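Here's the structure, in structure tokens; my notes come after.
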Amino acid sequence: MGLIDWIGGWFGKRSRADLKSCFYEVSIDYFFKKLAVNTCVDLIANTLVRCEFQTFEKGKEVRKGNHYLFNVQPNQNQNASQFMHSLVSHLIYDNECLVIMHNDQLYIADSFSKEEFALKENIYKGVTVKNFTFTEKVFKESEVFYFQLNDENIMNVIDGLYSSWGKLITSATSIYKRSNAMRVVVKGEFLRAQTPEMQQQMDAMFNEQFKAFFEADNAGAVFQLQDGYTLENFSNTSKGNKLDSRDIKALVDDIIDFVSMAFHVPKGMLKGDVVDVSKQTDNFLMFCINPLVELIADEINRKFYKKEEYLERTYLKVDTSRIKYVDITQLASACDVFFRIGANSINDILRMLGREPINEEWANKRYVTKNYESVENAAALGGGDENDSNGNSENQKSI
């Protein structure tokens, strides 16, 4: 027997129905906050999914087991996208996320107990993944990835704000229903002998006939009014005293504003506004995504690689350049500039465009025009545009 049925048993069948209605109304108010927070989770996770975890060995990008682990399949039950959504959800709701490695696979802990120490490694006990708990295994700090979003859980602040704003939304909704409800005064001779038959007729008129007459879903309705009775509209028709549905939405927008402020997500993105999308995206990347990327990359680098390896440029880097969509035609001028100053090779440009690199040595070379040569090398290059033995113009040299 459920909680509602158990409590309702104290009040009878009718009271149990009222109690269920009460629980239903409370859940609807809760979903306003749930919508705002979950939208933040989806926006952040979907953005991070667009990132590529690049792995380097001594300064050269390589694609080995680590690259596959972070970009394709962290474990046998999740792909990288599902894994990232789960990680972000834990960070937002719990302010922390514990990732363990078991049999060379990454798993997100659903619950755990953390013991902190000042001069030695923290330990993690009772780590639970889905329905499995490591009862005997104690994880050390160096054996796990522990991500913490803020020093204090910002969700506690949001819950505190919503405890007040949720009541305002509930109150405003009730006032809106009352102020827009149809209210009718029935005038007639009611001071008469009330026989069981007469009482039954009166109940039928008020409970059945009037209900069907005022039903909002009825496009048209006819009511047979008996002699001696008149109907007078007693509804509040003054617009100045009515609460508009926009007023309720304004309170809901306040909740969205609180959540967007807490997680540094532009409120226009939460609401789906298309005004100044580019500026909103830039702010989103700068104040929300980039700090998260740094948090994730720093934790992986300090646990996954040794200090000596990192100093020799063996590390992991999160590439955020593919997050923002750019029309390929808008990149033409930028690609040309990057190529002729030697900043990018042909393969670098192909990766920028989302294409596969060319497996040729010349595609990895960098070229620079004579316009960007140093003063010392300018005299040696000389003038003219004749091709050399490799087919390169004198005005464009490989480096």
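The values are calculated or read from the model by the stated rules, or taken from the named source; none is laboratory data. Just so you know, these numbers come straight off a predicted model, no measurement behind them. We place every Cβ from the backbone using ideal geometry, glycine too, and count neighbours over all the protein chains shown.
Can you confirm whether segment 169-178 contains a residue that is surrounded by 15 or more Cβ atoms within 10 Å (Cβ to Cβ), touching a helix residue (DSSP H, G or I) at 6+ places or on another chain (Cβ under 9 Å) and not β-branched (Val, Ile, Thr)? Yes.
Of the strands (runs of 3 or more DSSP E) lying entirely inside segment 56-125, the ones with 2 or more residues being closer than 24 Å to Pro357 by Cβ are found at 60-62. Would you say Ile300 is β-branched (Val, Ile, Thr), at pLDDT 90 or above and assigned to a helix (DSSP H, G or I)? Yes. For segment 87-103, the criterion of being among the aromatic types (Phe, Trp, Tyr), surrounded by fewer than 18 Cβ atoms within 10 Å (Cβ to Cβ) and out of contact with any helix residue (DSSP H, G or I) (no Cβ under 8 Å at 6 or more places or on another chain) is met by none of the residues.
Scanning segment 126-158 for residues that are among the small types (Gly, Ala, Ser) and assigned to a strand (DSSP E or B) returns a single hit, Gly126. Within segment 111-123, the set of residues being surrounded by 16 or more Cβ atoms within 10 Å (Cβ to Cβ) and under 21 Å from Phe83 (Cα atoms) comprises Phe112 only. When Arg351, Arg340, Arg302 are checked against the criterion of being under 23 Å from Phe145 (Cβ atoms) and of a type in the set (Lys, Arg), Arg302 stands alone in meeting it. Looking only at residues in segment 124-157 that are charged (D, E, K, R) and under 26 Å from the mean Cα position of the chain (by Cα), the one that is nearest to Ser86 (Cα to Cα) is Lys130.
With respect to the stated conditions, Glu25 is of a type in the set (Asp, Glu), modelled with pLDDT under 95 and over 18 Å from the mean Cα position of the chain (by Cα). Of all residues in segment 303-328, those being in contact with a Ser or Thr (Cβ under 7 Å, 6 or more places away or on another chain), touching a residue at least 12 places away in the same chain (Cβ under 8 Å) and not β-branched (Val, Ile, Thr) number 3. When you scan segment 314-330, do you find a residue that is in contact with a Phe, Trp or Tyr (Cβ under 9 Å, 6 or more places away or on another chain), farther than 18 Å from Gly354 by Cβ and either hydroxyl-bearing (Ser, Thr, Tyr) or exposed (fewer than 14 other Cβ atoms within 10 Å of the Cβ) (or both), even just one? Yes, there is a match, as at least one residue in segment 314-330 is in contact with a Phe, Trp or Tyr (Cβ under 9 Å, 6 or more places away or on another chain), farther than 18 Å from Gly354 by Cβ and either hydroxyl-bearing (Ser, Thr, Tyr) or exposed (fewer than 14 other Cβ atoms within 10 Å of the Cβ) (or both).
Would segment 88-95 turn up any residue that is touching a strand residue (DSSP E or B) at 6+ places or on another chain (Cβ under 6 Å), touching a residue at least 12 places away in the same chain (Cβ under 8 Å) and small (Gly, Ala, Ser)?
No, that holds for no residue.
Here Arg313 clears all of (1) of a type in the set (Lys, Arg); (2) assigned to a loop (DSSP other than H, G, I, E, B); (3) at pLDDT below 90 except the condition numbered (3).
Considered as a group, the residues in segment 331-372 that are part of a helix (DSSP H, G or I) and of a type in the set (Val, Ile, Thr) include one that is surrounded by the fewest Cβ atoms within 10 Å (Cβ to Cβ), and that residue is Val337.
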